[in-house]
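Got a structure for you, questions after.
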Amino acid sequence: MSEPPIRPHSPDGSVLQQRPEKKPRLESSLRASPDNKMLNSDNTTQHGSVNNLEADTGLVIQQATAATKVKNTSRKNKSKHKRMVPEPYTTEFVVARDAALLLGKESVDRASADATDWNAPFEPREEVELVVSCLSSTGDSLSLAPSPRKPWVVVTPLALPGERIRVRVYRHARLYSYADLLEVITPNADWRDMTRVQCKYFGKCAGCQYQMLSYDRQLDLKRNVVVKAYENFSGLSPSSIPVVRSTIASPLQYGYRTKITPHFDAPPKKAQKAAVKPTVDSMDRPDWLRIGFNRIGTRQVMDIEECPIATPILNETLGPLRERITANIYTYKKGVSLLLRDSLEPPPSETQGEPPASFANADSLSVALDKHVCITDHKGSVRERVGDKVFKYTAGSFFQNNNSVLVPLTSYVRDAIFQSSTSSISSSLRPTHLVDAYCGSGLFAITLAPHFDKVTGIELSEDSIRCATHSAELNHLPPKKCTFMAGDASNIFATVQGFPRDQTALIIDPPRKGTDEKFIDQLLQFKCATVVYVSCNVHTQARDIGMILRKSEMMEGQRYVLESLVGFDLFPQTAHVESVAVLRLV
């Protein structure tokens, strides 16, 4: 992803990321989560189930067909009744699948045959009472339209299974509609506990979905997201999927997030044209100025002074930064996305101009680890410790945003590589080499390097490779032991042909879109002993794992089996879950 060529600067001199021009309200669903009040013990709904991706292909094809038909209508009708086809494996794609499963195959097929699958049984902005049936894997609730309306699903944020709610419908899709939650008439007393909520903006801000739930309940919901993803998107038989383990908790449930990106819009054009640009006092702010995060279901910015899930240093910095922006708001011509990133304070050796490698010195490091600072420049350097390893990377680059869970995560991956639940690993075949695909700033490669003879990390971003290489130097990892190369991960195996296949482990940690068939074909040809697939999108992970297992069945001699599945809670109070799948060649 390329960055804009020019970035405005904040009043404190830090580089800001320019936001695009303000767009009209986008009434999209937010994240959602999994539990199902109407799930049976076998995790299929009472309204019917589709057990593999191929069986539901018609849903996407029919949506695409409907969209094609719309192209042949008048321009006026197109703008009025635009039918959007969800991008595969996006939030809306997952919601569409969950809605179809709740309705059941018979209802979906009937609506398709009658060509009524886009005809919502609601008037514009109609208010209606519903009883929530279940939660989607994105965190929103799913409710069936009340009788005598035809089978239809309503997607609503912040409601829980079994609750009676009052909603206002605002947008329609194929077989379901989106609605704003107006009132919880009858709450789910076993689940909902509003005394748990620690943010005064909860229910309005789009950031969190689960603050009213106990943490154990959140972990259960996230486990079910993994279960449903493999049932619905892997195309695998139940016998090929191991029992999903309990979600591994985050040590911190609040104050954990090490990166936040609040934003604000530019002054209205009328104010920009004023001849005199006043300096604004923080006590006399314009009504239109809001610095914070988006309101649920919109692109409207909410004014938010602090975020309880952010680390303390980020909240300490946000207040003064908001005041400086307010005082100089008329200097901004476009909206801005801020960056606040938690960092260890640079050790004295760096501020005094000594070589940065001394950052790994035990004495200077112990001092630095006690102090945190906030980095607001996208090109600034962030320093972070994971266990006994130190990382230094560019603030605008990717690094996991919950430091408290990174030791459990990297330790789990290490143990998964060296331990097999199906058979013991002989010392002669103990993994000695590690390939870290999509390695980013080197989190897994560097933390696991001491356990291998040789580690190679591959990443498309040259900036990330520079940071990973520098972090390896900070941790005294010699180039012969730990190397990083910039390149396309789809061609990764050409660089490690000398690695012993039966003693090599592969870590895959791709972006949300997952990997691709070309990469998978190379993986199968390489035949490394163990594959650990870490994913921020369990739905694309399930798709990819299904492809790996089906293709490996055609290999001669050996094949891959899915040994274990578990979720990690990197973002408590939200519906998001990270997933780790372990494959073993047998």
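Is it the case, given these coordinates, that ARG543 is open to solvent by 10 Å² or more (accessible area, probe 1.4 Å), modelled with pLDDT of 95 or more and out of contact with any His (no Cβ under 7 Å at 6 or more places or on another chain)? I'd like the intermediate steps shown before the answer.
Working: open to solvent by 10 Å² or more (accessible area, probe 1.4 Å): yes; modelled with pLDDT of 95 or more: yes; out of contact with any His (no Cβ under 7 Å at 6 or more places or on another chain): yes.
Yes: the conditions hold for ARG543.
Regarding the stretch 46-69, can at least one residue be identified that is within 30 Å of SER234 (Cβ to Cβ), at pLDDT below 50, open to solvent by 80 Å² or more (accessible area, probe 1.4 Å) and part of a loop (DSSP other than H, G, I, E, B)?
Checking the stretch 46-69: at least one residue is within 30 Å of SER234 (Cβ to Cβ), at pLDDT below 50, open to solvent by 80 Å² or more (accessible area, probe 1.4 Å) and part of a loop (DSSP other than H, G, I, E, B).
From (1) β-branched (Val, Ile, Thr); (2) open to solvent by less than 40 Å² (accessible area, probe 1.4 Å); (3) out of contact with any helix residue (DSSP H, G or I) (no Cβ under 9 Å at 6 or more places or on another chain), pick out the condition that doesn't hold for VAL532.
In the conditions (1) β-branched (Val, Ile, Thr); (2) open to solvent by less than 40 Å² (accessible area, probe 1.4 Å); (3) out of contact with any helix residue (DSSP H, G or I) (no Cβ under 9 Å at 6 or more places or on another chain), VAL532 misses (3) alone.
Within the stretch 294-311, can one find any residue that is assigned to a helix (DSSP H, G or I), on the phi < 0 side of the Ramachandran plot and either open to solvent by less than 40 Å² (accessible area, probe 1.4 Å) or basic (Lys, Arg) (or both)?
The first filter runs over the stretch 294-311 and keeps only residues assigned to a helix (DSSP H, G or I), leaving none.
No, the conditions are met nowhere in the stretch 294-311.
Would you please name the residue that is surrounded by the most Cβ atoms within 10 Å (Cβ to Cβ), looking only at residues in the stretch 432-454 that are modelled with pLDDT under 95 and of a type outside the set (Phe, Trp, Tyr)? Talk me through it step by step, then tell me what you get.
Going residue by residue through the stretch 432-454, those that are modelled with pLDDT under 95 are 437-441.
With the extra rule that they be of a type outside the set (Phe, Trp, Tyr), the set shrinks to 437, 439-441.
Values: ALA437: 23, CYS439: 27, GLY440: 23, SER441: 29.
Once the filter is applied, the top-ranked residue is SER441.
What residue, among those in the stretch 495-521 that are closer than 30 Å to SER137 by Cβ and surrounded by fewer than 17 Cβ atoms within 10 Å (Cβ to Cβ), is farthest from the chain's Cα centre (by Cα)?
ASP521
For the stretch 449-476, name all the residues that are out of contact with any Phe, Trp or Tyr (no Cβ under 8 Å at 6 or more places or on another chain) and of a type in the set (Lys, Arg).
ARG466
Is it the case that some residue within the stretch 465-474 is out of contact with any helix residue (DSSP H, G or I) (no Cβ under 9 Å at 6 or more places or on another chain) and open to solvent by less than 20 Å² (accessible area, probe 1.4 Å)? Give the derivation first.
First, the residues of the stretch 465-474 that are out of contact with any helix residue (DSSP H, G or I) (no Cβ under 9 Å at 6 or more places or on another chain): 465-467, 469.
Still in the running and open to solvent by less than 20 Å² (accessible area, probe 1.4 Å): 465, 467.
Scanning the stretch 465-474, I find at least one residue that is out of contact with any helix residue (DSSP H, G or I) (no Cβ under 9 Å at 6 or more places or on another chain) and open to solvent by less than 20 Å² (accessible area, probe 1.4 Å), so the answer is yes.
I need the full set of residues from the stretch 117-158 which are in contact with a Pro (Cβ under 6 Å, 6 or more places away or on another chain), part of a loop (DSSP other than H, G, I, E, B) and open to solvent by less than 20 Å² (accessible area, probe 1.4 Å), in order please.
First, the residues of the stretch 117-158 that are in contact with a Pro (Cβ under 6 Å, 6 or more places away or on another chain): 132, 134-135, 137, 140, 145, 149-150, 152.
Next, only the ones that are part of a loop (DSSP other than H, G, I, E, B) stay: 137, 140, 145, 149-150, 152.
Result: SER137, ASP140, ALA145, TRP152.
If ALA360 passes every condition in (1) at pLDDT below 95; (2) touching a His at 6+ places or on another chain (Cβ under 7 Å); (3) within 22 Å of PHE499 (Cβ to Cβ); (4) among the hydrophobic types (A, V, I, L, M, F, W, C) but one, which one does it miss?
ALA360 satisfies all of (1) at pLDDT below 95; (2) touching a His at 6+ places or on another chain (Cβ under 7 Å); (3) within 22 Å of PHE499 (Cβ to Cβ); (4) among the hydrophobic types (A, V, I, L, M, F, W, C) except (3).
Can I ask one more? Only one of (1) in the same structural domain as ASP509 (by TED's automatic domain parsing); (2) open to solvent by less than 50 Å² (accessible area, probe 1.4 Å); (3) among the aliphatic types (A, V, I, L, M) is not met by VAL407, so which one is it?
Of everything listed in (1) in the same structural domain as ASP509 (by TED's automatic domain parsing); (2) open to solvent by less than 50 Å² (accessible area, probe 1.4 Å); (3) among the aliphatic types (A, V, I, L, M), VAL407 misses just condition (2).
Determine if the stretch 260-267 includes at least one residue that is in contact with a strand residue (DSSP E or B) (Cβ under 6 Å, 6 or more places away or on another chain), closer than 23 Å to PRO572 by Cα, among the β-branched types (Val, Ile, Thr) and part of a helix (DSSP H, G or I).
no
Go over the candidates ALA189, ALA206, ALA229 one by one and state the one that is among the small types (Gly, Ala, Ser), under 30 Å from GLU129 (Cα atoms) and open to solvent by 60 Å² or more (accessible area, probe 1.4 Å). Even if it seems obvious, please write down each step before you answer.
On the way: ALA206 fails: open to solvent by 60 Å² or more (accessible area, probe 1.4 Å); ALA229 fails: open to solvent by 60 Å² or more (accessible area, probe 1.4 Å).
The conditions single out ALA189.
Go through the stretch 94-116 and count every residue that is in contact (Cβ under 8 Å) with a residue 40 or more places away in the chain, of a type outside the set (D, E, K, R) and open to solvent by 20 Å² or more (accessible area, probe 1.4 Å).
So the answer is 2.
Hey, can you tell me all the residues within the stretch 159-186 that are more than 15 Å from PHE122 (Cα to Cα) and either surrounded by fewer than 17 Cβ atoms within 10 Å (Cβ to Cβ) or more than 25 Å from the chain's Cα centre (by Cα) (or both)? Give the steps one after another, and end with the answer.
Filtering the stretch 159-186 for residues more than 15 Å from PHE122 (Cα to Cα) gives 159-165, 181-186.
Within the stretch 159-186, GLY162, GLU163, ARG164, ILE165, LEU182, GLU183, VAL184, ILE185, THR186 meet the criteria.
Tell me, which residue of the stretch 439-494 that is assigned to a helix (DSSP H, G or I) and among the aromatic types (Phe, Trp, Tyr) is farthest from the chain's Cα centre (by Cα)? Walk me through it before giving the result.
So in the stretch 439-494, the residues assigned to a helix (DSSP H, G or I) come out as 443-451, 462-474, 489-494.
From what's left, among the aromatic types (Phe, Trp, Tyr): 444, 493.
Details: PHE444: 18, PHE493: 27 Å.
Step by step, filter the stretch 439-494, then rank; the result is PHE493.
Let me ask something else. Considering only the stretch 273-293, how many residues are modelled with pLDDT of 65 or more and open to solvent by 50 Å² or more (accessible area, probe 1.4 Å)?
Number of matching residues: 6.
The values are calculated or read from the model by the stated rules, or taken from the named source; none is laboratory data. None of the values given here were measured: they were computed from a predicted structure. Heads up, the Cβs are rebuilt from the backbone with ideal geometry, glycines too, and the neighbour counts pull from every protein chain shown. The accessibility values were calculated without ligands, DNA or RNA, using every heavy atom of the protein model including side chains. Shrake-Rupley method; radii C 1.70, N 1.55, O 1.52, S 1.80 Å.
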